[in-house]
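This report concerns only the one structure given below.
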Amino acid sequence: MSKGLFAKKSISALLDEASDKSHALKRTLGPMNLTAMGIGAIIGAGLFVLTGPAAATYAGPGVLISFVIAAIVCVFSALCYAEFASMIPIAGSAYSYAYATLGEFVAWIMGWVLVCEFLFSPTTVAVGWSSYFVSLMRDCGWDISAAWSNGPIAYDLVNGWMVTGNFLNIPAMLIVTLIGGMVAIGIQTAAFVNNLLVIVKLGVIALLIICGMAFINWDNLTPLIPANTGVFGQFGWSGVMRGASVVFFAFIGFDAIATLAQESRNPQKDMPIGMLGSLGISTIAYILVGIVLLGAVSYTQMGAPDSFAVAVNAFGPKFVWLRYVVKIAILAGLTTVILVMIMGLARILFTMAIDGLLPKAFGKTHPKFKTPFFATLFVTLVMIVITGVFPVEILGQLTSMSTLLVFAIVGVGILILRYKQPKLHRPFKAPLGPVIPLLAVLTCLIQMGALPAVTWIQLIGWMVVGLIIYAVYGARHSLLRHPRKA
Ligand code: ALA
């Protein structure tokens, strides 16, 4: 007999599946690797590209407070994630948590929204990677033509959709191909490369902070919150809040660690360490870099996306070399975001396929590499097309919106499970009773409310597509609802 739309999967069934040999992934990751994966996914375009414009347009030096606010929101959610990931260490992450607490329909929505987060953040980052690469190559004397480093289609509010005359964004396509291929053939190689790049990224951030300290002009940081211009969101506290919703993007990624639960040697202990550790290290880095950046140059000059170059220029001619080093670090930083997000997305599709909600091929592991091979190649191919052809930047804050929705539902899931199964073994438990999950839900909803109407419309559009796919495929093939198909 078929079960209903809200049929739940028991936690023991979820755990049994994870240990089932036919879907086994290779357990090789320890706490250091997981923390590095988290830092790899977190520190990227949010810091290097968005900080300057968020300061110049919304918050002034108050963007430092925006960082703290966004970090607090993420800590609430990270604590909830850590509780779930240690209790249900499954590659499906929030999708699996929803399956256990809110039933299949919500789980599908969750999975589909996660796809949005894990698809559009790395593609946006890959397009940013391409522009930094072109700029670094120009510094080295090689001019890559615009026709081969930009997509053929563009969109803007005034002219609508346009054909640009460019061919393809080749650098973006190449980096996705390279990373996707590497991720497909083994988690150990991917983790090794990620570790190296994270060391480069953090090393250069430390160098930037040390070199830049001498150039901090405290006058640039006062007043910390410039007076509001009279328009909501332009400086003042409303600007700080809007800044927080923009720089929230900079914190996305710690949740990707949850998708590595089945490759973690000791997920019960190491998942919380990886999530909270990477979030803590990234937050400290953001605040210190922010102080140096905004101390070196007035926030009014930070509007350009290459605000880091503007700040390094202010250090004077002795530091010209730092400009190149920073560009290399940015490229390394953006590469790791792409890497971890491709891994995460493949593992979410992998888990959904095991549940029958997506075609079986996604749920197969490679006999030799022990990775979700097909899912990884599929994800890579889709990302190659998106980065090469489409103007992903029009999706603006859709990634943040979808992530906030996922975080809010994770908070709800924790509350439900605490109420319904209070005795369940929780290797890690968010402190203060229901306070943290409640705050997680509340702060995420508030931030979602602050995002523009166009982003809401995009989210609704994305959901409609997801619901159609569920109706056409997932609902009919779900193994939980139609066990005879198993
Ligand atoms: N947090 C990631 C970044 O900033 C998505 O690029």
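The values are calculated or read from the model by the stated rules, or taken from the named source; none is laboratory data. All of these numbers come straight from a predicted model, not from anything done at the bench. Reconstructed Cβ throughout: ideal geometry from the backbone, glycine too, with neighbour counts over all protein chains shown.
Taking (1) among the hydrophobic types (A, V, I, L, M, F, W, C); (2) closer than 26 Å to ILE273 by Cα; (3) without any contact (Cβ under 8 Å) to a residue 40 or more places away in the chain in turn, ILE252 satisfies each apart from (3).
Which of the residues belonging to the stretch 18-40 are more than 16 Å from the ligand (Cβ to nearest atom) and under 20 Å from ILE252 (Cα atoms)?
The initial filter retains those residues of the stretch 18-40 that are more than 16 Å from the ligand (Cβ to nearest atom), namely 18-34.
Result: PRO31, MET32, ASN33, LEU34.
Of all residues in the stretch 379-436, count the ones that are on the phi > 0 side of the Ramachandran plot and either in contact with a Gly (Cβ under 9 Å, 6 or more places away or on another chain) or surrounded by 24 or more Cβ atoms within 10 Å (Cβ to Cβ) (or both). Residues in the stretch 379-436 being on the phi > 0 side of the Ramachandran plot and either in contact with a Gly (Cβ under 9 Å, 6 or more places away or on another chain) or surrounded by 24 or more Cβ atoms within 10 Å (Cβ to Cβ) (or both): 0 in total. Only one entry of PHE133, PHE105 meets the criterion of being farther than 22 Å from ILE394 by Cβ and of a type outside the set (Val, Ile, Thr), and that entry is PHE105. Do we have any residue at all in the stretch 219-241 that's within 16 Å of the ligand (Cβ to nearest atom), part of a helix (DSSP H, G or I) and touching a Pro at 6+ places or on another chain (Cβ under 9 Å)? Within the stretch 219-241, none of the residues are within 16 Å of the ligand (Cβ to nearest atom), part of a helix (DSSP H, G or I) and touching a Pro at 6+ places or on another chain (Cβ under 9 Å). Find all pairs meeting these conditions: Cβ atoms under 9 angstrom apart; at least six residues apart or on different chains; first residue within the stretch 215-233 and more than 22 Å from PHE308 (Cα to Cα) and charged (D, E, K, R); second residue surrounded by 11 or more Cβ atoms within 10 Å (Cβ to Cβ) and modelled with pLDDT of 95 or more. Taking only residues 6 or more apart or on different chains, not a single pair turns up. Among the residues in the stretch 333-340, are any buried (at least 23 other Cβ atoms within 10 Å of the Cβ), at pLDDT 90 or above and away from the ligand (no atom under 16 Å from the Cβ)? No - not one qualifying residue is present in the stretch 333-340. Applying the selection to the stretch 76-109, what residues are surrounded by fewer than 24 Cβ atoms within 10 Å (Cβ to Cβ) and closer than 20 Å to MET341 by Cα? ILE109, the sole residue that qualifies. With respect to being under 17 Å from GLU83 (Cα atoms), within 15 Å of the ligand (Cβ to nearest atom), crowded, with 24+ Cβ neighbours inside 10 Å and charged (D, E, K, R), ASP270 falls outside the description.
Note on the stretch 159-184: residues that are within 17 Å of ILE338 (Cβ to Cβ) and either at pLDDT 95 or above or not polar (S, T, N, Q) (or both) amount to 15.
For the stretch 361-372, check the following and say yes or no: at least one residue is in a helix (DSSP H, G or I), more than 16 Å from the ligand (Cβ to nearest atom), free of Cβ contacts under 8 Å to residues at least 40 places away in the same chain and over 30 Å from LEU208 (Cβ atoms). Taking every residue of the stretch 361-372 in turn, at least one turns out to be in a helix (DSSP H, G or I), more than 16 Å from the ligand (Cβ to nearest atom), free of Cβ contacts under 8 Å to residues at least 40 places away in the same chain and over 30 Å from LEU208 (Cβ atoms).
On the given criteria, is GLY212 at positive phi and either of a type outside the set (A, V, I, L, M, F, W, C) or part of a helix (DSSP H, G or I) (or both)?
Details: at positive phi: no; either of a type outside the set (A, V, I, L, M, F, W, C) or part of a helix (DSSP H, G or I) (or both): yes.
No.
Within the stretch 14-37, the set of residues being surrounded by 13 or more Cβ atoms within 10 Å (Cβ to Cβ) and part of a helix (DSSP H, G or I) comprises LEU14, LEU15, GLU17, ALA18, HIS23, PRO31, MET32, ASN33, LEU34, THR35, ALA36, MET37. Against the criterion of being among the charged types (D, E, K, R) and under 20 Å from GLY396 (Cβ atoms), ASP156 qualifies.
Working carefully through the options LEU381, LEU439, LEU357, LEU415, find the one that is in a loop (DSSP other than H, G, I, E, B) and either aliphatic (A, V, I, L, M) or within 22 Å of LYS9 (Cα to Cα) (or both). If you could, list the steps in order and put the result at the bottom.
On the way: LEU381 fails: in a loop (DSSP other than H, G, I, E, B); LEU439 fails: in a loop (DSSP other than H, G, I, E, B); LEU415 fails: in a loop (DSSP other than H, G, I, E, B).
Step by step, each of LEU381, LEU439, LEU357, LEU415 is checked, and only LEU357 is in a loop (DSSP other than H, G, I, E, B) and either aliphatic (A, V, I, L, M) or within 22 Å of LYS9 (Cα to Cα) (or both).
Taking the stretch 41-144 as the region of interest, the helices (runs of 4 or more DSSP H) fully inside it that hold 2 or more residues being away from the ligand (no atom under 16 Å from the Cβ) and touching a Lys or Arg at 6+ places or on another chain (Cβ under 7 Å) are 63-87, 94-101, 104-139.
Pick out the one residue from SER238, SER245, SER264 that is surrounded by 20 or more Cβ atoms within 10 Å (Cβ to Cβ), farther than 19 Å from GLY46 by Cα and not β-branched (Val, Ile, Thr). Quick ask: steps written out before the conclusion?
Values: SER238 fails: surrounded by 20 or more Cβ atoms within 10 Å (Cβ to Cβ); SER245 fails: farther than 19 Å from GLY46 by Cα.
None of the other options fit; the residue is SER264.
Might you let me know whether the stretch 460-473 holds any residue that is in a helix (DSSP H, G or I), touching a Ser or Thr at 6+ places or on another chain (Cβ under 8 Å) and surrounded by 14 or more Cβ atoms within 10 Å (Cβ to Cβ)? Within the stretch 460-473, one or more residues are in a helix (DSSP H, G or I), touching a Ser or Thr at 6+ places or on another chain (Cβ under 8 Å) and surrounded by 14 or more Cβ atoms within 10 Å (Cβ to Cβ).
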